[in-house]
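Notes for the one structure printed next.
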Amino acid sequence: MTNSKATIEIQAPISSKGQVTIPKAVRDRLHVRPGSRVSFLVHSEGNVELRAPKYTIDELVGILKPLAIPIEEQVRIAAEEHAEHVAHEG
């Protein structure tokens, strides 16, 4: 591993299947984990960048499951619980 002010170089072997394990330091830096996707940006000069894609709101729509209880109901329940807590303390 080579370390300068702006660049860290980490080498990794290529398997017989052409696969490379992304080193932990790089995974941590990109905030990726198993199941994440990465992008390879291949530049005309021969440089290749590995990036964690940034998703747009449109791409994220539907990724979360709907709430089991509507937010309005959750707010009402929280307010009631808070009122009960205050009543028991006072």
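The values are calculated or read from the model by the stated rules, or taken from the named source; none is laboratory data. This structure is a prediction, so every number in the text was calculated from the model and none was measured. A quick note on method: Cβ atoms are made from the backbone with ideal geometry, for glycine too, and the neighbour counts reach across all protein chains shown.
I need the full set of residues from segment 2-11 which are exposed (fewer than 10 other Cβ atoms within 10 Å of the Cβ) and either of a type in the set (S, T, N, Q) or not in a strand (DSSP E or B) (or both), in order please.
Result: T2, N3, S4, K5, A6, T7, Q11.
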Of all residues in segment 24-38 being surrounded by fewer than 11 Cβ atoms within 10 Å (Cβ to Cβ) and among the basic types (K, R), the one that is nearest to the chain's Cα centre (by Cα): R33
Those residues of segment 33-59 which are part of a loop (DSSP other than H, G, I, E, B), out of contact with any Ser or Thr (no Cβ under 8 Å at 6 or more places or on another chain) and either within 23 Å of T21 (Cβ to Cβ) or at pLDDT 90 or above (or both), in sequence order: R33, P34, G35, S36, R37, V38, H43, S44, E45, G46, N47
Hits in segment 60-90 (condition: surrounded by fewer than 10 Cβ atoms within 10 Å (Cβ to Cβ) and not in a loop (DSSP other than H, G, I, E, B)): L60, I71, E72, V86, A87, H88, E89
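Would you tally the residues in segment 39-55 being hydrophobic (A, V, I, L, M, F, W, C) and over 22 Å from the mean Cα position of the chain (by Cα)?
So the count comes out to 1.
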The lone exception for T21 - which of (1) surrounded by 10 or more Cβ atoms within 10 Å (Cβ to Cβ); (2) in a helix (DSSP H, G or I) it fails: (2)
